[in-house]
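Trainee: Handing you a structure now.
The values are calculated or read from the model by the stated rules, or taken from the named source; none is laboratory data. From a predicted model like this one, the values you see are computed outputs, not experimental measurements. Cβ: placed from backbone, ideal geometry, glycine included. Neighbour counts: every protein chain shown.
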Amino acid sequence: MKKKVRLLLGMALIVCVVMSLSSTVFAQKELVVSSSQQRIDYANGILFYKGEVKATWEDLLLLSDEMQVYLTEKNDLKEVVAKGNVSITQGNKKRQATGQMATYTGEDNKLIVQGDAHYHDEVGNDLLAEKITIWIGIEKLEAEGAPVQATYALGSLREEEEVGSQGEKSQ
């Protein structure tokens with residue numbers, strides 16, 4: 001009898017873990033926003049948020065003073081515009097960008113940070129510019145404005161090149 005109870009409890013625990021993991025995966029496709037004020041224009045597919053805005057979707061966390069979200073006809077993210085003390089963190093790549101304004105476009109998965117833009121990643125690369133464009137899904141950045149200041153963690157880049165060349169030393 002005790003073995004059956006333990007077996008049932010074990011199976012229930014496994015089912016709970018699997019269900020919680022699957023809900024986490026599905027939740028990543030949701031946009032979750034908290035703010036002091038919210039307004040929704042259903043007819044035009046525009047969501048307005050103001051005051052201590054905190055938004056999460058996929059592996060991104062966005063903090064700002066205000067934000068507007070534009071949806072496609074299929075209710076997908078078309079564009080997100082955040083203004084005022086903007087901070088964006090990408091969790092899986094441990095990248096962070098800050099600035100006064102940020103625009104994300106869903107079509108090309110691109111983030112443009114403007115106004116004293118600052119980018120930093122887990123490798124130690126650091127970039128300051130008036131405008132920084134970040135392609136979210138790939139390792140690509142573009143900086144504009146005078147002056148653009150960049151600090152690159154060269155030792156880390158060399159290690160990545162060595163690993164990428166399958167054991168052969170890079171030149």
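Trainee: When only residues in segment 31-60 that are of a type in the set (S, T, Y) and assigned to a loop (DSSP other than H, G, I, E, B) count, which is surrounded by the fewest Cβ atoms within 10 Å (Cβ to Cβ)?
Mentor: Checked segment 31-60; the qualifying residue surrounded by the fewest Cβ atoms within 10 Å (Cβ to Cβ) is Y42.
Trainee: Which residue out of D65, D121 is surrounded by 14 or more Cβ atoms within 10 Å (Cβ to Cβ), within 23 Å of Q149 (Cα to Cα) and in the same structural domain as P147 (by TED's automatic domain parsing)?
Mentor: None of the others qualify; the one that does is D121.
Trainee: Of the residues Y104, Y70, which is touching a Gly at 6+ places or on another chain (Cβ under 7 Å) and either modelled with pLDDT of 90 or more or of a type in the set (K, R) (or both)?
Mentor: Working: Y104 fails: touching a Gly at 6+ places or on another chain (Cβ under 7 Å).
Answer to the selection: Y70.
Trainee: Moving to a separate point now. Which residue out of E130, E122 is outside any strand (DSSP E or B) and over 19 Å from Y49 (Cα atoms)? Break it down into steps so the answer makes sense when it comes.
Mentor: Values: E130 fails: outside any strand (DSSP E or B).
Just one listed residue meets the conditions, E122.
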